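Chemist: Encoded as structure tokens, here's the structure I'll be asking about.
Bear in mind these aren't lab numbers, they're just calculated from the coordinates by the rules spelled out. Computed from a prediction, not measured in an experiment: that's the story for all the values here. A quick note on method: Cβ atoms are made from the backbone with ideal geometry, for glycine too, and the neighbour counts reach across all protein chains shown.
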Amino acid sequence: MRLLRWFISSATLGVPQAAGPIAFSLVALGLTGDTSGGAAMMLAMTLAQVAGAIPIARLGRSFSLATFLRLLVVCRTVALLAIAIGAANGVPFTWLIVLAAVAGLVNGAASGYLRAVLNHLVPAARFPRALGIAATLNETTFVLAPVAASGLGSLSPPFAVFALAILGAVPALLIPGTGSTSIDRVQGPKGSTLNLSILLWLLCAAAGGAAVAAIEIGAVALALNFGFEPTLAILFTVPLCLSSVAGGIWVSVRNRMATRRAVVAMLLVMTLGAGLAAINASVVTTIIGTVVIGSVLAPLATYYSLILDTLAPPERRAEVFALLRT
């Protein structure tokens, strides 16, 4: 039951990031007549997430892992609800960008603490399967959340933001406790958050994340570019996520850590997919590119999490995992 609660928390924690690109773009379209404001909100959220990953994660060293995670989720929820209220009342768009940055400030740390909690719930031998299941659920969220955001946003963009805020708050209620376990009490060899080995895999994760973010954030713009309605941005986000779900299922069934050679091959596959999506030749070519990218997302994400778990000093794991999700 504790692991099930963690899986649900993992799946819902990413709802704001999954639905945000479309929900924010629809909010921007309604307030300014241009979807680029949505990209500005997501950029502010992402930059704040990167900036806050390590500092915010370090603030929770004296708290239990679950308690600090709950505090982070509550802070994000308040900021997202403020965006919904502000959008409904027509506040200056600059304030919505600022609030998006506030919401993003805790995203990385929240993800890092969520991943650190898993270390207290399953033995190391079951990590690949648990992470594969989590990746599958996460990508299912990235399939359903944009669809829901498009549907709700077509009725009321502020209500779409309100809905993603409420769903994103679920981890504050369900995350299983870890007793009095705090990072300050973790035993193990000391070390720095970043070294060359850790930095290598973080850079690989960042490159893949940039390719995915370009599609998710630019989905509405892609739809408009090909002559579709903004709500049909799901034509590009859903195939990406469906192929990633398939990759997550494969990781769960296999329950093994990939080899370095396989990881290099998957990185080349992702590069190919990014190239197909970037040339903007046709709708079909772009969709094929998103499918190719999605097919290796979950296997790569699982490998990064496993290898960083072995490389990071125990007391720095939450910080490293926070960086991984930025």
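Chemist: Where does the chain land at 222 nm, in deg cm²/dmol rounded to the nearest 500, when only DSSP H runs of n ≥ 4 count, each adding -39500 (n - 2.57), divided by all residues?
Modeler: Calculated at 222 nm, the ellipticity per residue is -26000 deg cm²/dmol.
Chemist: Starting from 0.36 nm per residue, how many nanometres of slack lie between LEU311 and ASP34 once their C-alpha separation is accounted for?
Modeler: 95.3 nm is the gain from fully extending LEU311 to ASP34.
Chemist: Cα centroids of the range 237-285 and the range 1-75: how far apart, whole angstrom?
Modeler: Using only Cα atoms, the two centres lie 24 Å from each other.
Chemist: So how far apart, in nm, are the two label points at LEU3 and VAL78 if each is 7 Å from Cα heading toward Cβ?
Modeler: Modelled inter-label distance: 3.6 nm.
Chemist: Please list, by residue number, everything in the range 237-260 whose backbone N is under 19 Å from a paramagnetic label point 7 Å out along Cα→Cβ of ALA281.
Modeler: 240
Chemist: Out of the trypsin sites (Lys or Arg not before Pro) in the range 213-304, which ones are loop residues according to DSSP with at most 14 other C-beta atoms within 10 Å?
Modeler: On the way: sites: ARG254, ARG256, ARG260, ARG261; in loops: ARG256.
When the trypsin sites (Lys or Arg not before Pro) of the range 213-304 are filtered for loop state and at most 14 Cβ neighbours within 10 Å, ARG256 remain.
Chemist: What is the calculated FRET efficiency for LEU173 to PHE228, with r their C-beta to C-beta distance and R₀ = 41 Å, to the nearest 0.05? Write down the numbers at each step before the final one.
Modeler: Numbers: r = 37 Å, r/R0 = 0.91.
Efficiency at R0 = 41 Å is approximately 0.65.
Chemist: Follow-up. State, as an integer percentage, the relative contact order of the range 2-324 based on alpha-carbon contacts under 8 Å between residues 6 or more apart. Working shown, then result.
Modeler: Numbers: 577 pairs, mean separation 92.4, N = 323.
Here the relative contact order equals 29 percent.
Chemist: Follow-up. By Kyte-Doolittle mean hydropathy of at least 0.0 and Cα axial length of at least 20 Å, which whole DSSP H helices of the chain are selected?
Modeler: Numbers: long enough: 15-32 (24 Å, 1.41); 36-59 (34 Å, 1.27); 65-88 (35 Å, 2.07); 127-155 (41 Å, 0.99); 196-217 (30 Å, 2.08); 234-254 (30 Å, 1.59); 260-278 (27 Å, 1.58); 283-311 (41 Å, 1.66).
Going by DSSP H runs, the hits are 15-32, 36-59, 65-88, 127-155, 196-217, 234-254, 260-278, 283-311.
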